[in-house]
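**Q** Could you have a look at this structure, given as structure tokens, before my questions?
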Amino acid sequence: MSGVVDPFVMNLTVFVLAIFIGYHVVWNVTPALHTPLMAVTNAVSGIIIVGAMLAAKPEEMDVGTILGLVAVALAAVNVFGGFLVTQRMLSMFKKKGK
Amino acid sequence: MSANFVYLAYLVAAVLFILTLKGLSSPMTSRRGNMFGMIGMAIAVLTTLSLTHNVGLIVLAIMVGGTVGSVVARRVEMTQMPEMVAAMHSLVGLAAVLVAMAAFNNPVAYGIALPGEMLHSSNRIELFIGTFVGAITFTGSIIAFLKLSARLSGKPLRFAGQHWLNLGLGISMLGFGIAFFLSPSWTPFLIMTAIALLLGVLLIMPIGGADMPVVISMLNSYSGWAAAGIGFTLNNNMLIIAGSLVGSSGAILSYIMCRAMNRAFLNVILGGFGGGEAAAASDDGVQKTYRSGSADDAAFLMGNADSVIIVPGYGLAVARAQHAIKEMSNALTSKGVKVRYAIHPVAGRMPGHMNVLLAEAEVPYEQVVEMDEINNEFADTDVVLVIGANDVVNPAAKNDKSSPIYGMPILEVHKARTVLVVKRSMATGYAGLDNDLFYMDKTMMVFGDAKKVVEDVIKALA
């Protein structure tokens with residue numbers, strides 16, 4: 001074997017392993033918390049904000065940077081909305097969760 | 001900042017996201033888990049921010065979006081959670097499409113092409129996948145949002161040749177994808193994006209209201225895959241890991257929902273059910289008789305029971321009776337009655353929805369029992385109060401092989417000694433089926449608005 005590993009192969013490795021982790025972790029989520037699970041995964045999928053920020057990165061503004069900035073704002077709705085609404089729901093379970 | 005440092009920070013964030021999901025295995029650890037998620041996201045965002053030049057504008061964009069998100073999160077009613085979640089899926093989808101367009105516009109800025117070079121061929125495939133999954137998520141979620149918020153009829157929209165049309169569109173989208181692969185230019189890219197946007201609408205329109213828990217889980221999954229797809233394009237592990245976690249979470253929820261409704265996933269996706277086709281299947285023309293009673297009768301029966309199980313359905317939430325039902329169970333508990341709640345996995349409009357609604361009404365967590373755990377106990381229960389639920393307690397799912405819902409797991413309330421059913425009328429539920437439970441000798445129907453009936457019961461108990 002020789003040569004450099006293609007980035008695609010590295011990505012695929014990470015991708016497959018992450019799916020395995022997701023699969024095992026999510027099956028352990030209690031059914032009572034499936035709605036908070038969906039809300040928090042909504043926030044986590046707001047990770048697209050990282051891609052959006054990179055799109056808005058270049059110094060000179062063009063179509064791409066503007067698209068990136070719009071995407072940053074959209075993803076930020078998810079990040080803030082998702083985590084906060086999850087927090088709100090979970091605190092309802094906590095009050096008398098003892 | 002060095003690339004190595006950036007990737008190590010992403011690794012920390014990824015681990016925190018995994019801990020977030022792990023925390024949800026119990027209500028005790030869930031809040032800490034959510035906190036981990038916020039920290040993880042903050043690390044990912046701050047690290048990425050350090051790589052950019054337009055810090056001011058980006059922070060401004062985050063503040064704009066963040067404010068909207070925070071306000072919505074604070075104001076949204078728990079009954080509206082499904083709509084909010086659907087709306088948020090659509091934002092991720094749209095953001096993925098925009099990022100893909102930006103990446104195609106200037107691949108050099110992303111470090112996925114050298115100056116003067118074209119986008120690499122493998123990146124083109126990934127870009128195509130990320131874009132069309134994002135586009136379908138975007139418009140599909142909008143339709144789901146409109147259906148869930150009743151701005152659009154929950155009835156499935158079907159027409160002849162629908163599946164062929166979708167297939168044709170899918171193939172032409174793939175065709176333009178190949179054209180894009182062979183010679184990357186805006187024309188095929190935009191055409192395939194437009195087709196994907198249209199497909200998102202067409203795929204969700206034919207799915208009925210009763211199947212919404214599956215649809216919303218599926219779109220949850222798609223939004224994750226879209227993020228992962230973009231991660232492949234940008235060679236960004238952070239996006240790939242977080243996207244895959246979300247993608248597999250949504251896929252598992254879809255599976256759980258399908259199982260709870262005894263429906264094949266493909267069957268749900270291809271549409272149907274939940275909209276009246278199956279209606280009147282069991283109407284044999286014989287006038288069946290049922291027994292009805294008043295709220296006072298119900299109060300008497302429950303007040304003198306040793307154990308009561310309450311089966312709440314979405315009708316309870318629609319009538320905003322969660323708080324009243326909590327008060328009623330308090331009144332019963334103080335009379336020495338053992339009260340519990342039985343939850344069917346599809347009670348509500350999204351997975352786990354009923355649990356949240358009851359938690360909001362401050363129903364103690366330990367009184368709320370999932371279907372598998374409580375089904376053995378109905379036989380030893382004096383009174384079951386079914387309120388705003390119908391199909392999930394229909395014994396036909398167990399006994400009648402010809403029933404469209406045969407095989408669907410149900411709450412076996414018909415085994416209890418007495419069954420009280422609070423309903424507005426004898427109308428059928430989502431599946432459009434008559435329910436033999438209502439005509440059993442041990443069943444008493446209490447007609448009226450759920451909240452009104454429960455309030456009357458509380459008065460009678462006092």
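The values are calculated or read from the model by the stated rules, or taken from the named source; none is laboratory data. Note that the structure is predicted; figures quoted are calculated from it, not measured. Note that we place each Cβ from the backbone using ideal geometry, even for glycine, and neighbour counts take in every protein chain shown. SASA here: full protein model, heavy atoms, side chains in, ligands and nucleic acids out. Shrake-Rupley method; radii C 1.70, N 1.55, O 1.52, S 1.80 Å.
**Q** Which one, B:Leu24, B:Val318, B:Gln80, projects farthest toward the positive side of the charge dipole computed for chain B from Cβ point charges (K/R +1, D/E -1)?
**A** After comparing all options, I get B:Gln80.
**Q** Nearest 100 Å², what total accessible surface is buried between chain A and chain B (probe 1.4 Å)?
**A** Chains A and B together bury approximately 8200 Å².
**Q** Filter the cross-link list B:Lys147/B:Lys335; B:Lys155/B:Lys338; B:Lys401/B:Lys459; B:Lys155/B:Lys452; A:Lys94/B:Lys155 down to pairs whose alpha-carbon distance in this structure exceeds 32 Å.
**A** Violating the 32 Å limit, Cα to Cα: B:Lys147/B:Lys335; B:Lys155/B:Lys338; B:Lys401/B:Lys459; A:Lys94/B:Lys155.
**Q** Here's another thing I want to ask about it. Cα to Cα, under 24 Å, and not fewer than 8 places away if on the same chain: which lysines meet these conditions relative to B:Lys398?
**A** Candidates past the 8-residue exclusion: B:Lys288, B:Lys415, B:Lys423, B:Lys442.
**Q** Between the range A:1-60 and the range B:189-203, how many Å separate their Cα centres?
**A** Value for the Cα centre distance between the two parts: 24 Å.
**Q** If you don't mind, there's one more thing I want to ask. Going through the DSSP H helices of chain B, which span 24 Å or more along their own axis at the Cα atoms while scoring at least 1.0 as a mean Kyte-Doolittle hydropathy?
**A** Answer set is B:3-23, B:55-75, B:81-105, B:121-148, B:162-182, B:186-204, B:212-234, B:237-261.
**Q** Hey, can you rank B:167-176, B:343-352 by average C-beta count inside 10 Å, highest first?
**A** In decreasing order of mean packing, B:167-176, B:343-352 become B:343-352, B:167-176.
**Q** Please work out the average accessible area per residue across the protein assembly as shown, using the 1.4 Å probe convention, and give it in Å².
**A** Accessible area per residue, the protein assembly as shown: 40 Å².
**Q** 5 Å is the cut-off here: which amide hydrogens, built 1.01 Å from N in the peptide plane, fall below it relative to B:Val339, excluding neighbours closer than 5 in sequence?
**A** The list, which skips near neighbours in sequence, is B:Val308.
**Q** Using a 1.4 angstrom probe with every protein chain in place, what is the largest-first accessible-area order of B:Phe300, B:Phe36?
**A** Most to least solvent-accessible, the answer reads B:Phe300, B:Phe36.
**Q** Right, next: What length, rounded to one decimal in nm, is gained on full extension from B:Arg259 through to B:Met426, with 0.36 nm per residue of separation minus their alpha-carbon distance?
**A** Taking B:Arg259 through B:Met426 to full extension adds about 57.4 nm, to one decimal.
**Q** On to the next question. What average count of beta carbons from other chains do you get within 10 Å of the Cβ of residues in B:39-47?
**A** Across the residues of B:39-47, the mean count of other-chain Cβ atoms within 10 Å is 4.
**Q** Using a 1.4 angstrom probe and counting only protein chains, how large is the accessible area of B:Asp211 in Å², to 10?
**A** 0 Å²
**Q** On the protein heavy atoms, probe 1.4 angstrom, tell me the percent of accessible surface of the range B:32-171 carried by carbon and sulfur.
**A** 71 percent
**Q** Please list the non-local residues whose amide H lies under 5 Å from the amide H of B:Val384, H modeled 1.01 Å from N, same-chain partners needing a gap of 5 or more.
**A** Those qualifying (amide H under 5 Å, at least 5 residues apart or on another chain) are B:Ile309, B:Thr418, B:Val419, B:Leu420.
**Q** Let me confirm one metric for peptide B:214-227, namely the mean number of other chain beta-carbon atoms within 10 Å of its residues' beta-carbons.
**A** What the average comes to for B:214-227 is 3.
**Q** Can you name the helices of chain A, as whole DSSP H runs, whose Cα span along the helix axis is 15 Å or more and whose Kyte-Doolittle mean is not below -1.0?
**A** A:7-27, A:34-45, A:63-95
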